[in-house]
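Here is the structure we will look at.
The values are calculated or read from the model by the stated rules, or taken from the named source; none is laboratory data. Because the structure is predicted, anything quoted here is derived from the model rather than measured. Cβ atoms come from the backbone with ideal geometry, glycine included; neighbour counts cover every protein chain shown. These accessible areas exclude ligands, DNA and RNA; they are computed on the full protein's heavy atoms, side chains included. Shrake-Rupley method; radii C 1.70, N 1.55, O 1.52, S 1.80 Å.
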Amino acid sequence: MPNNDTFLQQRHAVVTGASRGIGAAIARALARAGAHLTLIGRSRDGLEKIATELSALTRVHTEAVDVSDNAAVHTAMQAAEQALGPIHILVNNAGQASSQPFEKTDWAMWQSMININLGGTYSCTHAALPSMLQAAAKGTAGRIIHVASTAGLQGYAYVSAYTAAKHGVVGLTRALALELARKNITVNAICPGYTETDIVQSAIDNIVAKTGKTVAQAREALADRNPQKQLVQPEEIAQAVLWLCGPGSGAINGQAIAIDGGELAG
């Protein structure tokens with residue numbers, strides 16, 4: 001990690017799914033490093049809350065938009081550039097997970113998981129890339145970071161649509177990294193294991209409802225997948241994103257970095 005606490009000063013970073021959980025943790029880390037922020041999410045109230053918190057540290061712009069709406073995403077990225085200048089960093093964090101056995105996964109659920117997790121990553125990257133390419137051509141390196149999942153690197157039962165979408169995000173990461181390798185932009189994915197977020201809380205609630213386990217037992221069952229026997233914390237993911245944005249990470253490209261306490265090591 002760079003020693004300069006404000007090493008991202010004057011850089012414009014866009015973070016999706018920024019109103020809570022991992023996205024909010026990433027926004028805080030980037031703000032402390034000096035980046036100007038565009039925060040994107042579906043909840044305007046949630047965005048304004050985190051924006052108010054971070055406005056004491058940096059310039060903050062918000063766009064309330066659903067990342068699965070391609071046209072709205074392009075409009076939001078244009079507004080972001082108008083507000084804070086060229087985009088240098090894009091963190092595609094917005095995502096959603098729904099759980100059902102495959103035979104109960106209907107077309108609507110399947111399409112929803114693909115549209116939000118993979119389609120949203122496509123739309124945000126496609127919309128931000130022209131601005132990033134212009135900035136990169138003028139000497140300011142670009143960083144695209146997709147927050148995927150360990151479900152993008154291995155299979156998980158009962159979340160087939162989510163797993164397929166996150167595998168797609170990892171594939172997109174690798175393909176785009178090769179396309180942009182000589183254009184001063186790197187593309188990487190962060191793949192968290194079970195993390196202390198609302199998505200995991202929903203998984204816990206689902207386990208309780210379907211198995212009769214207590215909340216503590218359900219939480220323990222998820223943490224048990226991690227060899228460290230604990231849930232990953234959003235701040236740990238934020239620190240990895242911050243490192244990938246730093247000046248010493250230029251050779252890290254096309255990687256899917258697991259943050260999972262060693263879950264995929266065995």
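Here LYS104 meets each of (1) surrounded by fewer than 19 Cβ atoms within 10 Å (Cβ to Cβ); (2) over 20 Å from the mean Cα position of the chain (by Cα); (3) in contact (Cβ under 8 Å) with a residue 24 or more places away in the chain with one exception, condition (3).
Look at ALA161 and say whether it is within 17 Å of the chain's Cα centre (by Cα) and open to solvent by less than 50 Å² (accessible area, probe 1.4 Å). Considered against the rule, which asks whether it is within 17 Å of the chain's Cα centre (by Cα) and open to solvent by less than 50 Å² (accessible area, probe 1.4 Å), ALA161 comes out as no.
Of everything in region 136-155 that is touching a residue at least 60 places away in the same chain (Cβ under 8 Å) and in a strand (DSSP E or B), the residue that is nearest to LEU118 (Cα to Cα) is VAL147.
One line per residue, one yes/no per condition, for (1) touching a helix residue (DSSP H, G or I) at 6+ places or on another chain (Cβ under 9 Å); (2) over 20 Å from ASN253 (Cβ atoms):
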site: HIS146; (1), (2): yes, no
site: LEU153; (1), (2): yes, no
site: VAL159; (1), (2): yes, yes
site: ALA165; (1), (2): yes, yes
site: LEU176; (1), (2): yes, no
site: GLU179; (1), (2): no, no
site: THR186; (1), (2): yes, no
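With respect to the conditions (1) of a type in the set (Val, Ile, Thr); (2) open to solvent by 70 Å² or more (accessible area, probe 1.4 Å); (3) within 24 Å of THR140 (Cβ to Cβ), THR186 falls short on a single one, namely (2).
Restricting to region 202-237, and then to whatever is part of a helix (DSSP H, G or I) and of a type in the set (S, T, N, Q), can you tell me which residue is surrounded by the fewest Cβ atoms within 10 Å (Cβ to Cβ)?
Just the residues of region 202-237 that are part of a helix (DSSP H, G or I), to begin with: 202-211, 215-223, 234-237.
Retained after the next criterion (residues that are of a type in the set (S, T, N, Q)): 202, 206, 211, 217.
Working: SER202: 14, ASN206: 16, THR211: 11, GLN217: 13.
For region 202-237, the residue satisfying everything is THR211.
When you look at GLY34, is it out of contact with any strand residue (DSSP E or B) (no Cβ under 7 Å at 6 or more places or on another chain) and closer than 16 Å to GLY85 by Cβ, yes or no? Taking the combined requirement at face value, the residue satisfies it.
Return only the number of the condition from (1) farther than 18 Å from ILE257 by Cα; (2) crowded, with 24+ Cβ neighbours inside 10 Å that ILE145 does not satisfy. It fails just one condition, (1).
Listed here are the residues, each with its yes/no results for (1) in contact with a strand residue (DSSP E or B) (Cβ under 6 Å, 6 or more places away or on another chain); (2) modelled with pLDDT under 90.
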residue	(1), (2)
ALA161	no, no
LYS166	no, no
ALA175	no, no
ASN188	yes, no
ALA203	no, yes
VAL208	no, yes
THR214	no, yes
ALA240	yes, no
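Picking from ARG20, ARG28, which residue would you name as being modelled with pLDDT under 95 and open to solvent by 50 Å² or more (accessible area, probe 1.4 Å)? Answer to the check: ARG20.
Scanning region 107-133 for residues being touching a residue at least 60 places away in the same chain (Cβ under 8 Å) and within 16 Å of ALA164 (Cα to Cα) gives a total of 1.
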